Amino acid sequence: RATGGAGLGYQFLEDDIYNLFGELGISYVNEDFGNDADDQSYVAGRAALHFGWWIIKDRLQFKEDAEVYFGLEDLNDWFGISESGLSWKWTDQWSANASIRFEYDNTPSTGFERVDTKYMLGLGYSF
């Protein structure tokens, strides 16, 4: 699946501890599942929300990113993605993160489930 689009965003809250940002827009969705029968492309509306919280300022941060795409021709054709994670800065350069990505597709391709969950771990270095 590939998406591209344009929209507007609004910063609801931004301070040293919290960050809350929302987006609304329109996107083009291209779903290529490898089996030509279920491939489709369509124009969709998009809504997204991004939240950040420094649990321990400049050391441990919680993040939540959620977005939903809904087909404008068929409102039953929609999918959503939610990713929640923690980032931990060990030093000014080194960090680690752990996250869970939950994907839901209301009209999945033949042979696929509606729900997909991924668990991710990462290690980062900033220059």
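The values are calculated or read from the model by the stated rules, or taken from the named source; none is laboratory data. The model shown is predicted, which means the values in this text are computed figures rather than measured ones. Virtual Cβ from ideal backbone geometry, glycine too; neighbours counted across all protein chains shown.
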Query - Among the residues listed as A37, A47, the single one being of a type in the set (A, V, I, L, M, F, W, C) and modelled with pLDDT of 95 or more - result: A47
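Just wondering, is there one or more residues in the stretch 71-87 that are free of Cβ contacts under 8 Å to residues at least 12 places away in the same chain and not hydroxyl-bearing (S, T, Y)?
Initial filter on the stretch 71-87 (free of Cβ contacts under 8 Å to residues at least 12 places away in the same chain): 75.
Going one step further and asking which of them are not hydroxyl-bearing (S, T, Y), we end up with 75.
Yes; the residues of the stretch 71-87 include at least one that is free of Cβ contacts under 8 Å to residues at least 12 places away in the same chain and not hydroxyl-bearing (S, T, Y).
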Report task. Tell me the strands (runs of 3 or more DSSP E) entirely within the stretch 31-127 that contain at least 1 residues that are surrounded by fewer than 13 Cβ atoms within 10 Å (Cβ to Cβ) and not hydrophobic (A, V, I, L, M, F, W, C). Result -> 40-56, 115-125
Report summary line: For R114, the lone unmet condition from (1) under 18 Å from A48 (Cβ atoms); (2) in contact with a Pro (Cβ under 6 Å, 6 or more places away or on another chain) is (1)
